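Asker: I have a structure I would like to understand better, so I am pasting it below and will then ask my questions one at a time.
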Amino acid sequence: MSITLINGTKAPKIDIESLEKSFGKELPRDYIEFLQLHDGSEPEPNVVSLGEEDDLAVNHFISASEVTQRARDLEVFPEFLPFARDSFGNYFLLNLGENGSVYFWDHEMDDGPTKLCNSFTEFIVALEPDPDVDSDSTADESEGPEVGWKHPDFDTMFAEYLIPKKKTDA
């Protein structure tokens, strides 16, 4: 991982134990180690390109104390532990039935979760700074554009609602 994480804390041991009890499974060791250092952290603008998905971005990592509630929101996926969200409300998930494989779930698509990689470590290593965001910018980052995943067919699906781009004369 070559991105900076901010606002993270050490997850209390009781929160981690509560997660394992709630899911009835041991959490992957690499995920526990992450929680012990970066629980609830927010990454700098980033991209992660894995699997067949377009560039995705993590907006924030869900704190251990919130994961169980978020999982209840996703009750249709009982084996999945939500560990992060993008800026559009979609989830990054650990499949505890597959020893912590990482999936992405777009809540607006009917396809179900899409597998990205085989482990949390592989996912974290794939996080890179967003090349489209100027890291030397002095502007307030909270005013910048939101980074997230865009469905490949978005423009086609919503063409009638999009404002046409103006052509410039050369």
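The values are calculated or read from the model by the stated rules, or taken from the named source; none is laboratory data. Being a predicted model, the structure only gives us computed values, none of them experimental. As a convention, Cβ positions derive from the backbone with ideal geometry for all residues, glycine included, and neighbour counts pool all protein chains shown. The accessibility values were calculated without ligands, DNA or RNA, using every heavy atom of the protein model including side chains. Shrake-Rupley method; radii C 1.70, N 1.55, O 1.52, S 1.80 Å.
Asker: Please work out if Leu19 is buried (at least 19 other Cβ atoms within 10 Å of the Cβ), touching a residue at least 12 places away in the same chain (Cβ under 8 Å) and not in a helix (DSSP H, G or I).
Answerer: Spelling it out, it is not the case that Leu19 is buried (at least 19 other Cβ atoms within 10 Å of the Cβ), touching a residue at least 12 places away in the same chain (Cβ under 8 Å) and not in a helix (DSSP H, G or I).
Asker: Got a number for residues in the range 64-91 being over 15 Å from Leu27 (Cβ atoms), assigned to a helix (DSSP H, G or I) and either among the basic types (Lys, Arg) or open to solvent by less than 20 Å² (accessible area, probe 1.4 Å) (or both)?
Answerer: Count: 1.
Asker: Do we find that Ser2 is touching a residue at least 24 places away in the same chain (Cβ under 8 Å) and among the polar types (S, T, N, Q) in this structure?
Answerer: Against the criterion (touching a residue at least 24 places away in the same chain (Cβ under 8 Å) and among the polar types (S, T, N, Q)), Ser2 qualifies.
Asker: Another question, then. Of all residues in the range 26-45, count the ones that are outside any helix (DSSP H, G or I) and touching a strand residue (DSSP E or B) at 6+ places or on another chain (Cβ under 9 Å).
Answerer: 9
Asker: Can you name every residue in the range 111-142 that is acidic (Asp, Glu), at pLDDT below 85 and assigned to a loop (DSSP other than H, G, I, E, B)?
Answerer: Of everything in the range 111-142, those that are acidic (Asp, Glu), at pLDDT below 85 and assigned to a loop (DSSP other than H, G, I, E, B) turn out to be Asp111, Asp132, Asp134, Asp136, Asp140.
Asker: In addition: Scan the range 92-103 and tell me whether some residue there is at pLDDT below 90, touching a helix residue (DSSP H, G or I) at 6+ places or on another chain (Cβ under 7 Å) and open to solvent by 70 Å² or more (accessible area, probe 1.4 Å).
Answerer: no
Asker: On to the next question. Within the range 70-99, can you find the residues that are of a type in the set (Lys, Arg) and under 17 Å from Lys21 (Cα atoms)?
Answerer: Selection gives Arg70, Arg72.
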